[in-house]
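Working notes, structure below.
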Amino acid sequence: MSLLRRANRGELPPGPGVEVLHRLPRTEPDPEGRPRRPRRGLPREPPAAPAGVQGRTASEAYEAAWTWANLEFLAEAAGVCSRCSAALSESVTVCESHTAEEDVCAACGNRHAVQFSADCPNCINDLRGPFVLKLVSHTELLAFLTAHGLNPVAPSRDSVAAVDAVHMDYEEEVCSREPFEARFTFSADGDTLSLTVDDDLQVVDVER
Ligand SMILES: [Zn+2]
Ligand SMILES: [Zn+2]
């Protein structure tokens, strides 16, 4: 059983400030039985290996799991399979009738209309989620986080939620579907960073 499920079931000793609900897996049903989608946090449950729990409080284990998962995201955003190092095959989809102002879209079930996919041609690793997954290792987004005192690689428990908020509370503007072009605007402390991405899924314009 995963670390988060154990923590949510009270099977791990509570640590100070532990709050893990926002990283529930996408398939976790809500009380009405509908699929639950995370409002915050990247859409992968932090992995838990036995060694990651050993000798740590729940908070420390959570931080370790977050950083471990985040390192995979950083590699995958750069097109490198985090499991075998092969070049990932990347693609993007855009929901054509997206209406997710407060929650998830009835048409696609996602909070964001632009979704990123990366599949490894060499192993079973794949990645699906909001387009920020393609941007987390971009220099400008890393710099934006650090400029606001946020460590984008190994944040302390106190700042994990703030990093997640920058990663997930972003605005997206689809400029063109074919060829694809979209602008993603991240916010922190009243500042914004806009990254425009073209059909090659590369950042072609930066605005701060
Ligand atoms: Zn949609
Ligand atoms: Zn692989």
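Things to note:
- Yes/no for residue 71 being away from ligand 1 (no atom under 14 Å from the Cβ), at pLDDT 95 or above and of a type in the set (A, V, I, L, M): no
- Meets criteria (of a type in the set (Asp, Glu) and in contact with a Ser or Thr (Cβ under 8 Å, 6 or more places away or on another chain)) for residue 178: no
- With respect to (1) closer than 24 Å to residue 207 by Cβ; (2) away from ligand 1 (no atom under 16 Å from the Cβ); (3) β-branched (Val, Ile, Thr); (4) surrounded by fewer than 19 Cβ atoms within 10 Å (Cβ to Cβ), the lone exception for residue 136 is condition (4).
- Pairs with Cβ under 9 Å, 6+ apart, first in the stretch 186-204 and outside any strand (DSSP E or B), second among the polar types (S, T, N, Q) and at pLDDT 95 or above: 199/176; 201/91
- Test: residue 90 is in a strand (DSSP E or B), within 16 Å of ligand 2 (Cβ to nearest atom) and either at pLDDT 90 or above or under 19 Å from residue 182 (Cβ atoms) (or both): yes
- Boolean, residue 79 is on the phi > 0 side of the Ramachandran plot, within 13 Å of ligand 1 (Cβ to nearest atom) and either crowded, with 18+ Cβ neighbours inside 10 Å or in contact (Cβ under 8 Å) with a residue 12 or more places away in the chain (or both): no
- Of the criteria (1) without any contact (Cβ under 8 Å) to a residue 12 or more places away in the chain; (2) over 15 Å from residue 77 (Cβ atoms), which one residue 180 fails: (1)
- Number of the condition not met by residue 126 [criteria: (1) within 16 Å of ligand 1 (Cβ to nearest atom); (2) acidic (Asp, Glu); (3) in contact with a strand residue (DSSP E or B) (Cβ under 9 Å, 6 or more places away or on another chain); (4) free of Cβ contacts under 8 Å to residues at least 60 places away in the same chain]: (1)
The values are calculated or read from the model by the stated rules, or taken from the named source; none is laboratory data. What you see is a predicted model, and the numbers here were worked out from it, not measured in a lab. Ideal geometry is used to build each Cβ from the backbone, glycine not excepted, and the neighbour counts take in all protein chains shown.
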